[in-house]
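I have placed the structure first, in the form of structure tokens, so that the comments after it can refer back to it.
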Amino acid sequence: MRDLHGIIKLSNANAYVEGQVGRKDIYLKDGRILKITEAGENEMSADQEIPCQGKLLLPGSIDTHVHIREPGSEARETFETGTMAAAAGGVTTVCEHPISVPPPSNSELLENRRRLAKPQAYVDICFFGALGSESIQEAEDLKRHGVVAYKTFLQEAMPGREKEFQGMTIADDYHLLRALQEAARLDMPIAFHAENNDIIIHTIEEMKQNGYVEPKAHYDSRPVISETECISRLLLFAEETGARILICHITSPEAMELVKQAKAKGVRVTAETCPHYLFSCEEDAVALGAFARCNPPIRKRAQVERLWGYIEDGTVDIIGSDHGPYTLEEKERGRTNIFLAPSGFSGLETRVPLMLDAVLRGKMTLKRMVELTAENPAKVFRLDNRKGFIREGLDGDFILIDPEKETVIDCTKMYTKGRETARLFDGRKVKGQIEMTIVRGMVVAQNGIVDTKRKGCGELLFGSGQ
């Protein structure tokens, strides 16, 4: 599938290299960056040329939070459709989180997912392992088999979804401590969905009993205290054990402040947030009902604006999409009772366009965007020996962008199986257009159209710390 014979030249790119944007020619061989020169030096000949015409060239984006669902929920997404969505959205590497049937809580289950993924993948994939109370003893074997992190939910499996969460839940503090001690021993990060489940389940039960099941009830059922309490506990346990923790999809400035303070004390914590917590707010999202339902929920406008302060000061480390597609039928269950609809929606094809739009509108710097979407993810998951930077010796992963063009997010043109439910940003105008997504020197998507001949070209990655 590589068909990379000889040297490929990306000519006259306005490339982001080592923190600076400048005109470069970039030469690739065998999928890796061979040499970077000033544009026009013509230092070496090339067998193939990709003209960049002075457009913006960024490192390929790494999406740190993707749910493909296969095996077990192929109606929601497959590795084929999910990685096609990634390619169309400027993502060259996905970090796949382990909600499947069953989750990869041991090496045998992990290898089964790898076998499923490889012939379908359009972009590169790294895997998280499932870590729960009953699978702590599998952590070392999972590391040997190449997971870049573990994922844990601090609750019992949700009713009706037990098979999707088998081996991935920790519902008591004893096993939480044990899991963190083991992760510290292995020097592996654990990613957490951080909400206080006791607060949420009892609040929802009261709401149901009182007939409060309209869309607004979802937001009221998961108050900020449910997030901050859980995060404060995780930070305390991480400080005690020395473990590396990743707090997924942080929604509130109150929670970010806790993380900021913990970092100042030397706690090994990585903070992730998502575009829907930065570019939407409760006041607007509630009108979409189940199509904007996600866990934790989108917060109020004033909190969203304050959250941006933690983008600016460096507290936020990474931006993941939390791509979690569902079918239209599943989402429609929440039409009369919001609690009957699943939480989550597609995000692979909107994450980079939204972040790029923020840069081009002056909301954030290009430097921060690249850090949050490429450089920091590569460092956190120890992929920086191959990914995250435009640097000699690393993989030739790029996104070529025309910053002068404006596009409109159109869910009907998406590749994800969750296109019918991807309504949160549908119709939104964004500045900048992704013209090419290049994975190890191969153009896998151009102007939003994926090259179907590239199916299977994606590689399965191991972190360099393995």
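The values are calculated or read from the model by the stated rules, or taken from the named source; none is laboratory data. Since the structure is predicted, the reported quantities are computational estimates derived from the model, not experimental observations. Every residue, glycine as well, gets a Cβ built from its backbone with ideal geometry; the counts of neighbours run over all protein chains shown. All accessible areas refer to the heavy atoms of the entire protein, side chains included, with ligands and DNA or RNA removed. Shrake-Rupley method; radii C 1.70, N 1.55, O 1.52, S 1.80 Å.
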Exercise for the section: Starting from the stretch 310-321, take each residue that is in contact (Cβ under 8 Å) with a residue 60 or more places away in the chain and list its partners that are part of a loop (DSSP other than H, G, I, E, B) and not aliphatic (A, V, I, L, M), counting only C-beta distances under 6 angstrom and pairs at least six apart or across chains. Expected result: Gly320/Cys274; Ser321/Gly347
Handout entry: For Thr407: the one exception among (1) farther than 26 Å from Ile190 by Cβ; (2) polar (S, T, N, Q); (3) modelled with pLDDT under 95
Key = (3)
Practice task
Just name the residue that is farthest from Ala191 (Cα to Cα) out of those in the stretch 156-171 that are acidic (Asp, Glu) and open to solvent by 70 Å² or more (accessible area, probe 1.4 Å).
Solution key: Glu162
Handout entry: Residue selected from the stretch 172-202 under the condition more than 22 Å from Gly320 (Cβ to Cβ) and β-branched (Val, Ile, Thr), by the criterion surrounded by the most Cβ atoms within 10 Å (Cβ to Cβ)
Key = Ile199
Practice task
State whether the residues of the stretch 128-142 include one that is among the hydrophobic types (A, V, I, L, M, F, W, C) and in contact with a Cys (Cβ under 9 Å, 6 or more places away or on another chain).
Solution key: yes
Practice task
Among the residues of the stretch 58-76, write down those that are assigned to a loop (DSSP other than H, G, I, E, B) and among the charged types (D, E, K, R).
Solution key: Arg69, Glu70, Glu74, Arg76
Fill in the blank from the handout: Those helices (runs of 4 or more DSSP H) completely within the stretch 349-408 that have 3 or more residues that are open to solvent by 30 Å² or more (accessible area, probe 1.4 Å) and touching a residue at least 12 places away in the same chain (Cβ under 8 Å) are 366-370
Completion exercise
Scanning the stretch 430-441 residue by residue, the ones that are open to solvent by 10 Å² or more (accessible area, probe 1.4 Å) and touching a residue at least 40 places away in the same chain (Cβ under 8 Å) total 4
Handout entry: Flag if Val444 is buried (at least 20 other Cβ atoms within 10 Å of the Cβ) and closer than 22 Å to Ile311 by Cβ
Key = no
Practice task
Tell me, please, whether a residue that is closer than 20 Å to Met207 by Cβ, touching a Ser or Thr at 6+ places or on another chain (Cβ under 9 Å), open to solvent by 10 Å² or more (accessible area, probe 1.4 Å) and part of a helix (DSSP H, G or I) can be found in the stretch 333-344.
Solution key: yes
Problem - Residue satisfying all of: in the stretch 206-255; assigned to a helix (DSSP H, G or I) and of a type in the set (S, T, N, Q); farthest from the chain's Cα centre (by Cα) among these - result: Gln209
Practice task
List the helices (runs of 4 or more DSSP H) that sit entirely inside the stretch 77-155 and contain at least 3 residues that are of a type in the set (Gly, Ala, Ser) and buried (at least 24 other Cβ atoms within 10 Å of the Cβ).
Solution key: 79-88
Practice task
Please enumerate the residues belonging to the stretch 33-57 that are free of Cβ contacts under 8 Å to residues at least 60 places away in the same chain, open to solvent by less than 50 Å² (accessible area, probe 1.4 Å) and outside any loop (DSSP other than H, G, I, E, B).
Solution key: Thr37
Handout entry: Criterion violated by Val286 - all others in (1) within 20 Å of Thr203 (Cα to Cα); (2) β-branched (Val, Ile, Thr); (3) not in a helix (DSSP H, G or I) satisfied
Key = (3)
